[in-house]
Amino acid sequence: DAGNDEQLYECPMCSLTCTNIQILQEHVDLHFEEHRLSEGTDLELAQWLQTEEDNRRRSEEEKREREDFKKLQKQYGLDNSGGYKQQFLRNMEREVNRGRMQPFEYHKKKADMMECLAFGIDDGKTKTSGVIKALCNYYHNENKDVRRVWLSTGVDHFHSSLGDRGWGCGYRNFQMLLSSLLQNSLYNDCLKDITLIPSIPKIQSMIEDAWREGFDPNGASHFNNRLHGSKAWIGACEIYSLLTSLRIKCQIIDFHKPTGPMGTHPRLFEWILRYYSTDNEGGAKVVCTSKPPIYLQHQGHSRTIVGIEEKKNKTLCLLLFDPGCPSQEMQKLLKQTSDGLRLLRKFVGSLKEKQYQIVAVDGVLSLEEKAARCRASQVLTSEKIP
């Protein structure tokens, strides 16, 4: 009341008094409009800030993915940093710089290496022969805790060299398997074009040839259809493709999960026992079979199975050639001492990777069978053990 009869109206939002209800209404509407504009500005700001944060996170994630991919490429030899020859030369240069190799020795080894690569053959300097024969003699004369043992046919051991250290295990295991097949007349026709163990670059070219025939296109695409001149790791699928392209009958068995306590794989051991003991069930303690060795793959490494022991308490023990084991150590096995056997023995509790694959050879394929397996490899190449 202004002291007279004039009616006053107070704004509920700012306490301003108006003498006219219509004026008050317009005033209050201005408050609402101002609030609406303010809310709109805040929402736009919040949306912009969120967009900027999303873009920042996406950029960081893409950068991290690129870095992780580059690390994987380097780890698996797909970073275009060169292959066997380049690594061999770099490592020899490092040895010279450290005073561990004389320059004349460097030039001689370089010339020898270049000659072997030109002919596509392994130089044989990492090879140890005669181990299977030594094992056979050892088991005949010693080891009273072994009830029976089954051994592969003759297998030469190959270990990694200056040119393939850190990535060449798959190729070295193929050399081991091939060394056994070359001693078996059953495979003479399949291997008529292979008289000497091929070098690692030659094996890479052989796998590329198998891909060009149509084997495992999915696997080939992983390597961009190229191995030669790289340090790319290979695994069971590449070994399968190469062997099958040579008309060598083989299969991949996938032990895709543990089948025993504490992450162990007893079914793997049982499968290996059946492989060696089938058709070799005589009563002899030492059975020198006609079976080729078996390629064994797990994450990050591969080895060659050359036999299996059955202890008197019924436990099983695999005998493995590891390409990471140098010749000096393998020479101990030729002396037929129990100390050397520790290099080979692997009990069930020793193999606890999540997954294993094996490639087992079992005969020769006809041309029709080879073609059928080529078609099948374009879909699936492994059998899973449940």
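The values are calculated or read from the model by the stated rules, or taken from the named source; none is laboratory data. Keep in mind it's a predicted model, so treat the numbers as computed, not measured. We place every Cβ from the backbone using ideal geometry, glycine too, and count neighbours over all the protein chains shown. Ligands, DNA and RNA are stripped out before the accessible areas are found, and what is left, the full protein with its side chains, is counted by its heavy atoms. Shrake-Rupley method; radii C 1.70, N 1.55, O 1.52, S 1.80 Å.
Close Cβ contacts (under 6 Å, 6 or more residues apart or on different chains) running from residues in segment 19-30 that are free of Cβ contacts under 8 Å to residues at least 24 places away in the same chain and within 15 Å of LEU8 (Cα to Cα) to residues that are surrounded by 12 or more Cβ atoms within 10 Å (Cβ to Cβ) and of a type outside the set (Gly, Ala, Ser) comprise ILE21/TYR9; LEU24/TYR9; LEU24/CYS18; HIS27/CYS11. Of all residue pairs spaced 6 or more apart or on separate chains, none has beta-carbon atoms under 7 Å together with a first member in segment 268-284 that is farther than 18 Å from PHE255 by Cα and open to solvent by 40 Å² or more (accessible area, probe 1.4 Å) and a second member that is assigned to a helix (DSSP H, G or I) and β-branched (Val, Ile, Thr). Contact map, segment 208-234: residues that are without any contact (Cβ under 8 Å) to a residue 60 or more places away in the chain paired with residues that are of a type in the set (D, E, K, R) and open to solvent by 90 Å² or more (accessible area, probe 1.4 Å), Cβ distance under 9 Å, separation 6+ or inter-chain. Pairs shown: GLU208/ARG226; ALA220/ARG212; ALA220/ARG226; ASN225/ARG212. Can you tell me which residues in segment 155-194 are over 23 Å from the mean Cα position of the chain (by Cα), polar (S, T, N, Q) and buried (at least 21 other Cβ atoms within 10 Å of the Cβ)? Listed by number, the list holds a single entry, SER180.
Is at least one residue of segment 298-308 touching a residue at least 40 places away in the same chain (Cβ under 8 Å), part of a loop (DSSP other than H, G, I, E, B) and either within 29 Å of LEU191 (Cα to Cα) or open to solvent by 10 Å² or more (accessible area, probe 1.4 Å) (or both)? First the steps, then the outcome.
So in segment 298-308, the residues touching a residue at least 40 places away in the same chain (Cβ under 8 Å) come out as 298-299, 301-308.
The next check asks that each one be part of a loop (DSSP other than H, G, I, E, B); those that pass are 299.
Next, from what is left, pick out any that are either within 29 Å of LEU191 (Cα to Cα) or open to solvent by 10 Å² or more (accessible area, probe 1.4 Å) (or both): 299.
Looking through segment 298-308, at least one residue is touching a residue at least 40 places away in the same chain (Cβ under 8 Å), part of a loop (DSSP other than H, G, I, E, B) and either within 29 Å of LEU191 (Cα to Cα) or open to solvent by 10 Å² or more (accessible area, probe 1.4 Å) (or both).
Just a yes or no: is a residue in segment 197-204 surrounded by fewer than 24 Cβ atoms within 10 Å (Cβ to Cβ), out of contact with any Gly (no Cβ under 8 Å at 6 or more places or on another chain) and free of Cβ contacts under 8 Å to residues at least 40 places away in the same chain? Within segment 197-204 (the criterion being surrounded by fewer than 24 Cβ atoms within 10 Å (Cβ to Cβ), out of contact with any Gly (no Cβ under 8 Å at 6 or more places or on another chain) and free of Cβ contacts under 8 Å to residues at least 40 places away in the same chain), the answer is no, since none of the residues qualifies.
What is the residue count in segment 125-153 for residues that are open to solvent by 30 Å² or more (accessible area, probe 1.4 Å) and of a type outside the set (D, E, K, R)? Walk me through how you get there before you give the answer.
First, the residues of segment 125-153 that are open to solvent by 30 Å² or more (accessible area, probe 1.4 Å): 125, 127, 129-130, 133, 137, 140-142, 144-145, 147, 153.
If we keep only those that are of a type outside the set (D, E, K, R) as well, we get 129-130, 137, 140-141, 153.
Within segment 125-153, residues that are open to solvent by 30 Å² or more (accessible area, probe 1.4 Å) and of a type outside the set (D, E, K, R) number 6.
Go through segment 217-252 and give me each residue that's among the charged types (D, E, K, R), surrounded by 21 or more Cβ atoms within 10 Å (Cβ to Cβ) and more than 22 Å from SER180 (Cα to Cα).
From segment 217-252, those among the charged types (D, E, K, R) are 226, 231, 238, 247, 249; that's our starting set.
Still in the running and surrounded by 21 or more Cβ atoms within 10 Å (Cβ to Cβ): 231, 238.
Within segment 217-252, just LYS231 meets the criteria.
Residues that are of a type in the set (Asp, Glu) and closer than 26 Å to SER161 by Cα do occur in segment 308-323.
When LEU135, LEU117, LEU162 are screened for being more than 30 Å from LEU273 (Cβ to Cβ), in contact (Cβ under 8 Å) with a residue 24 or more places away in the chain and part of a helix (DSSP H, G or I), only LEU117 passes.
In this structure, does ALA372 turn out to be under 26 Å from the mean Cα position of the chain (by Cα), over 20 Å from THR128 (Cα atoms), of a type in the set (A, V, I, L, M) and open to solvent by 40 Å² or more (accessible area, probe 1.4 Å)? In short, no. List the number of the failed condition for SER81; all other conditions in (1) open to solvent by 90 Å² or more (accessible area, probe 1.4 Å); (2) modelled with pLDDT of 65 or more; (3) within 44 Å of the chain's Cα centre (by Cα) hold. In the conditions (1) open to solvent by 90 Å² or more (accessible area, probe 1.4 Å); (2) modelled with pLDDT of 65 or more; (3) within 44 Å of the chain's Cα centre (by Cα), SER81 misses (1) alone.
As a summary of the residue check, ALA284 satisfies the conditions (1) in a loop (DSSP other than H, G, I, E, B); (2) under 25 Å from the mean Cα position of the chain (by Cα) except for the one numbered (2). Across segment 318-355, the number of residues qualifying as assigned to a loop (DSSP other than H, G, I, E, B) and either open to solvent by less than 50 Å² (accessible area, probe 1.4 Å) or under 13 Å from HIS157 (Cα atoms) (or both) comes to 8.
Before we move on, is THR315 surrounded by fewer than 18 Cβ atoms within 10 Å (Cβ to Cβ), polar (S, T, N, Q), touching a helix residue (DSSP H, G or I) at 6+ places or on another chain (Cβ under 9 Å) and within 25 Å of LYS257 (Cα to Cα)?
Numbers: surrounded by fewer than 18 Cβ atoms within 10 Å (Cβ to Cβ): yes; polar (S, T, N, Q): yes; touching a helix residue (DSSP H, G or I) at 6+ places or on another chain (Cβ under 9 Å): yes; within 25 Å of LYS257 (Cα to Cα): yes.
So THR315 passes the test.
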